[in-house]
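Novice: Take this structure first; my questions come after.
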């Protein structure tokens with residue numbers, strides 16, 4: 001199970017950081033994905049002796065701008081649109097993961113423990129500190145249930161991998177003091193100093209700095225500081 005099997009010890013870390021039991025956190029996160037459905041009862045299928053492998057697509061984000069605002073080209077308006085809606089933006093490294101079944105029983109989600117390397121944006125009251133660990137949930141995953149493989153994928157949103165640094169635009173979940181990651185706000189920071197959007201549709205962003213990691217992060221910081229007027233906040 002690539003991207004998941006290398007992760008260990010999630011339940012202990014979840015309970016330690018959040019103040020809630022791992023079961024309570026997973027139950028809340030299972031409710032986050034009411035718009036993700038395959039129509040396949042995972043429990044019933046695996047009890048019947050079947051593996052379950054499904055994929056789904058979600059609509060790409062729409063970067064809408066009010067042309068009357070005469071928006072500057074820098075920072076990129078599309079980047080501003082996802083920066084405006086994000087509660088937090090971090091550079092982080094996934095260190096453990098666990099996959100669960102959504103409340104409807106026909107899709108998966110994965111919870112990651114992520115080590116926070118640096119913080120670009122943090123909206124109160126979430127206490128984000130560089131060097132801390134946070135829990136991030138996202139749709140899709142791989143697991144075994146009743147002895148059978150279950151894999152659910154989202155187009156252009158591959159599973160996060162260990163030992164890979166990411167730039168993550170996040171939404172805060174106050175019920176669990178955790179975060180949710182989004183396809184249009186997930187970027188790989190390459191070892192060669194580049195930036196690779198995890199979602200092909202994110203390449204439509206007009207950020208000219210995306211070939212150089214330092215320049216891109218500077219533009220992200222500028223997007224955070226820029227006013228949100230004239231852009232339609234979008235994150236999916």
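Novice: How many nm is it between the label spots at residue 215 and residue 228, if each spot is 7 Å from the Cα in line with the beta carbon?
Specialist: Rounded to a tenth, the inter-label distance reads 2.9 nm.
Novice: Out of every Cα-Cα pair in the range 79-144, what percent are more than 17 Å apart?
Specialist: Values: 1098 of 2145 pairs.
Within the range 79-144, distances greater than 17 Å cover 51 percent of Cα pairs.
Novice: Sorted from fewest to most neighbouring beta carbons within 10 Å, what does the list 41, 35, 111, 199 look like? Walk me through the intermediate numbers first.
Specialist: On the way: 41 14, 35 9, 111 25, 199 22.
So the residues, fewest neighbours to most, are 35, 41, 199, 111.
Novice: Hey, fewest Cβ within 10 Å first, where do 142, 57 land in order?
Specialist: On the way: 142 20, 57 10.
Fewest-to-most Cβ neighbours within 10 Å comes out as 57, 142.
Read-outs throughout are calculated quantities, based only on the coordinates presented, and are distinct from any laboratory measurement. Note that the coordinates shown come from a computational prediction; the quantities given were computed from them, not determined experimentally. Cβ coordinates were reconstructed from backbone atoms using ideal geometry, including for glycine residues, and neighbour counts include every protein chain displayed.
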